[in-house]
Amino acid sequence: HQCDCCRVLPITKTRFTMDEEGYDIDLCQECYQKGISYAVQKHYNPKIPVLVDNGPIYITQHDKNLSCHEICQMSSKPVPESSIDQLPDFQNQGQTKSSKVDNA
């Protein structure tokens, strides 16, 4: 899973997502914490978009920004460590790093 805010890939340990149908959104723990802090300051107002690092979190499926009310509806999901191994880029990086030999 990739964070829809900071674009970190993969999200490790815990991801925050919306269980409601039609929402395909994932946040890393850092972005979620920043978003929740902002939402608290705005009293979870459904008319105010969440801002993380001065930018909104865009929900493609709904063509709108995540609101301060919606972020509090997100739930945490553990990310199994084995899911990182399933990403081709990480497998290739691991092979490249482990295959380097210093012949000096």
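A short reminder: the numbers here are calculations on the coordinates, not readings from a lab. Nothing here was measured: the structure is a model prediction, and the numbers come from that model. As a convention, Cβ positions derive from the backbone with ideal geometry for all residues, glycine included, and neighbour counts pool all protein chains shown.
Listed values, structure above:
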quantity: Distance cut-off 18 Å, percentage of C-alpha pairs in region 14-83 lying past it; calculated: 33 percent
quantity: Vicinal HN-Hα couplings computed from phi for region 7-12 (Karplus, 6.51 cos²θ - 1.76 cosθ + 1.60; Hz; Gly/Pro x); calculated: 6, 4, 9, x, 6, 10
quantity: Under the Karplus curve 6.51 cos²θ - 1.76 cosθ + 1.60, θ = phi - 60°, whole-Hz ³J(HN,Hα) for region 53-70, x wherever Gly or Pro sits; calculated: 6, 6, x, x, 9, 8, 9, 4, 4, 9, 6, 7, 8, 5, 8, 4, 6, 5
quantity: Amide H contacts under 5 Å for residue 67, placed H, 5+ residues apart; calculated: 50
quantity: Estimated FRET transfer efficiency when R0 is 30 angstrom, pair residue 24-residue 47 (beta carbons, to 0.05); calculated: 0.85
quantity: Environment charge of residue 67, counting only residues whose C-beta is closer than 12 Å and scoring Lys/Arg +1, Asp/Glu -1; calculated: +2
